[in-house]
Amino acid sequence: MLKELVSKCRTYRRFYQETPISEEDLLELIDLARLTASTANSQALKFRISHTPEENALIFDTLGWAGALPDWDGPVEGERPSAYIVILCDLSLGKNKLTDDGIAAQTIMLGATEKGYGGCMLGNVQRSQLAEALGIDTSLYSVDLVLALGKPKEEVVIVPVKEDGSVTYYRDENQIHYVPKRALKDIII
């Protein structure tokens, strides 16, 4: 059952924007992250949620969406996320908690998948602009990751890595998104 959940937990970049995610659901996802491991048990991560169209638009304007798709500027209006979770680090409790960020983000994404949502972990963020837009004091918090969430509007398919070894994701003419994954035998040393 866990393998099925992990397999369904893909990166989605287009959503049914009109399908809301409630504050209650977002808080439940953050509560999952709260229970996960934390470096030195510092529990330095903090979270900022957004689920209103106005605030979502502010966040959207600070994000870079798909480096491997240079001709695509991100989801168009109507296909944008209906919610975001911004992962922050409380600088009084620690800094550079990248391991914690990854654990929290993946846990949130797995929880979102279980609820029928999908998302995208975004590290390509104009952090200063985002902090200013959301009123986040960067002397107190670092902006680490942004999780874009919504009901997925695209199909994502896992495929084997091609003979040339490229792991670059791509889309076909039907906008199906393909994600090459190395075979198990290729990652065991």
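The values are calculated or read from the model by the stated rules, or taken from the named source; none is laboratory data. Remember, predicted model here, so these are calculated numbers, not experimental data. Glycine also receives a Cβ, built like all others from the backbone with ideal geometry; neighbour counts cover every protein chain displayed. Ligands, DNA and RNA are stripped out before the accessible areas are found, and what is left, the full protein with its side chains, is counted by its heavy atoms. Shrake-Rupley method; radii C 1.70, N 1.55, O 1.52, S 1.80 Å.
Restricting the first member to the stretch 40-61 and to residues that are closer than 29 Å to G78 by Cα and modelled with pLDDT of 95 or more, and the second to residues that are of a type in the set (V, I, T) and open to solvent by 30 Å² or more (accessible area, probe 1.4 Å), no beta-carbon pair is closer than 9 Å while six or more apart or on different chains. When A83 is evaluated against the numbered criteria (1) over 21 Å from L5 (Cβ atoms); (2) touching a His at 6+ places or on another chain (Cβ under 7 Å); (3) among the hydrophobic types (A, V, I, L, M, F, W, C), which criterion, by number, is the only one it fails? The one condition A83 does not meet is (1).
Taken as a whole, the structure places L58 among residues that are touching a helix residue (DSSP H, G or I) at 6+ places or on another chain (Cβ under 9 Å), open to solvent by 10 Å² or more (accessible area, probe 1.4 Å) and in a helix (DSSP H, G or I). One residue stands out in the stretch 72-127 among those that are within 18 Å of L45 (Cα to Cα), among the polar types (S, T, N, Q) and not in a loop (DSSP other than H, G, I, E, B): the one that is nearest to the chain's Cα centre (by Cα), namely Q106. Residues in the stretch 155-174 that are open to solvent by less than 80 Å² (accessible area, probe 1.4 Å), assigned to a loop (DSSP other than H, G, I, E, B) and of a type outside the set (A, V, I, L, M, F, W, C): G165, S166, T168, Y169, D172.
Here G135, G119 are screened, and the one residue that is among the small types (G, A, S) and under 26 Å from Y170 (Cα atoms) is G119.
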